Structure formats: C-alpha cells, structure tokens
1. For the structure I just gave you, tell me whether Ala152 is touching a strand residue (DSSP E or B) at 6+ places or on another chain (Cβ under 9 Å), more than 17 Å from Trp195 (Cβ to Cβ), open to solvent by less than 90 Å² (accessible area, probe 1.4 Å) and touching a residue at least 40 places away in the same chain (Cβ under 8 Å).
2. Of Glu32, Glu36, Glu100, which residue is at pLDDT 90 or above and among the acidic types (Asp, Glu)?
3. Of the residues Asp183, Asp202, which is under 19 Å from Thr114 (Cα atoms) and over 17 Å from the mean Cα position of the chain (by Cα)?
4. Hey, can you tell me all the residues within region 46-67 that are at negative phi and open to solvent by 30 Å² or more (accessible area, probe 1.4 Å)?
5. Sort out which residues of region 20-38 are open to solvent by less than 50 Å² (accessible area, probe 1.4 Å) and either of a type in the set (Ser, Thr, Tyr) or over 18 Å from the mean Cα position of the chain (by Cα) (or both), and write them in order of number.
6. Out of region 101-137, which residues are free of Cβ contacts under 8 Å to residues at least 24 places away in the same chain, surrounded by 20 or more Cβ atoms within 10 Å (Cβ to Cβ) and part of a helix (DSSP H, G or I)?
7. I'm checking my understanding of the structure. Among residues of region 212-237 that are touching a helix residue (DSSP H, G or I) at 6+ places or on another chain (Cβ under 7 Å) and not hydrophobic (A, V, I, L, M, F, W, C), which one is surrounded by the fewest Cβ atoms within 10 Å (Cβ to Cβ)?
8. So is Val193 in a strand (DSSP E or B), closer than 30 Å to Glu23 by Cα and open to solvent by less than 50 Å² (accessible area, probe 1.4 Å) or not?
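The values are calculated or read from the model by the stated rules, or taken from the named source; none is laboratory data. Note that the structure is a prediction, hence the values are computed from the model and not measured. Here the Cβ positions follow ideal geometry from the backbone for every residue, glycine too, while neighbour counts run over all protein chains shown. Protein only, heavy atoms only, side chains kept; ligands, DNA and RNA dropped before computing areas. Shrake-Rupley method; radii C 1.70, N 1.55, O 1.52, S 1.80 Å.
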Amino acid sequence: MDEVFRALADPTRRSLLDELFREDGQTLSALEARFEITRFGVMKHLKQLEEAGLVVTRRRGREKLHFLNPVPIRLVHDRWVSKYAEPWAATLSGLKERLERPMEKVFEIYIRTTPERLWEAIVDPDIRSKYNFGAAMVVPELKPGAHFEMTAPKAEGILGEGEILEVDPPRRLVHTMAAYFSDEAKAEGTSRVTWEIEPVGDSCRLLLIHDQLREGANAQLYGGWPMVLSGLKTWLESGELLTTPGSLMWG
C-alpha cells in the first residue's frame, strides 16, 4: 500500500492516471504530448506508476501501450473508504470511453498463493461464487469449445454465458463472455476475457484482460473486475470473504 500512496502523492503522476482514465491504452508519445515535461520525465513517472501496480503495459506490434490498473486503488477503497462512504462511489460506472479501436481493459494483481491454487479458485464453481458476486461459472468439462453459464441461487435466470477458447492449466484461461445481468449489459453482446497466471517468488501475478469490447462499451461489463480480483486475493490469502457491493448482489 505504501508504494501506491507514494505514487499518488505526486500531481504529475495523478495527472497521468487521469489521462489513462480518460483514454486507456495510450503510447508514451501520446502521453508525452499532453505534458509540459521531457519525455524522460514522463517515462520516469510511468515507471513509478508501474512499480506501484497502478499502470500495466502491453505490447501491440511495435507499440507499447499503457493501461490504468484500478485494482490497487480498489484495495485501498475496500480497506478504508468503503466503511465510511457510499460503496458505489469507487466503481467505474461513470467512465465513458471513445477510442478509434475496440476497447481493451487490463487488470493486474499479485496474490500470495501457488499457481495451482489460484487456477482452482478461478475455475471451481463453489470457490468462484465466494468472490464473484455470488455467481458460479458452471461448465460440464473445461476444454476448448465447451459452453459455460454463470449462475447464482438468488438470480432469476442465468447471469451470463460463454465459450471456452483456451485452457492451459495453471497458466492461461481464455473464454468469451455475454452478460445478462442487466438490459444494458445484455445489449453489449459478446466480449473476451483472458486470465494469465505467472509465478513470482512465493506469489502469483494475475493479469486479467477484458477485450473485444465495442467502442464506448457500458462500464457495467468491466467495472466490477477490481472488486472481483480484490475478493479473490482476500479469500486466497486469508480465507475470509470480502464484503463489497458486488458480493451482496446474488450471494
């Protein structure tokens, strides 16, 4: 948490995060053009944001794109702010994106666990429901081409469905996703979710990529991921359930 607070203490770094909030997936050149400091200065600030986990980079061809990672801020919110303020204030529901290509959202979190245990927590329906708004991912057989449904006891119907595209335990899971939990989400159609697990010492780096989203997609589709990942981390590291607005929906 200390690295997050140190990173947020600088106004230029906060402005960089504001820029990525406004338009995610920007190159260094695009960000540099918006600040009256040198390219080296922008690079230095971005490096500190990356080290704090607030920015995640991905390569697309020859370009290096920078994405806002809201998960560390969500963890701060869950630990302190949500006890005293309106819980939904920290969600991304008000975010409006206008990009020239389909949207891609990237989330990163480090969890003190093994790849095998993390994989199990992602694919096991009973465990998944503990941190995924009470919803379980039900698939007859976890293999490419298999169909799955998202269900919950308190839901009036299925909350979503999709197709498994790639299965490489305990490292990578890729599936499509069509969400039905609201009319707005249902209208967005099908997108894609990728879970990538990388062991790092006694922990794992989990990278969640939600892409193939239409331009200006409703934030309901991806705004809940920080809560999901925070709940996953809490459960794996402590065995406790993290109470968030999402966890109260269908749990």
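1. yes
2. Being at pLDDT 90 or above and among the acidic types (Asp, Glu) holds for just one of Glu32, Glu36, Glu100, which is Glu32.
3. Asp202
4. Matches in region 46-67: Lys47, Gln48, Glu50, Glu51, Thr57, Arg58, Arg59, Arg60, Arg62, Glu63, Lys64.
5. Of everything in region 20-38, those that are open to solvent by less than 50 Å² (accessible area, probe 1.4 Å) and either of a type in the set (Ser, Thr, Tyr) or over 18 Å from the mean Cα position of the chain (by Cα) (or both) turn out to be Thr27, Leu28, Ala30, Leu31, Phe35.
6. Correct list: Arg128 only.
7. Gln220
8. So Val193 passes the test.
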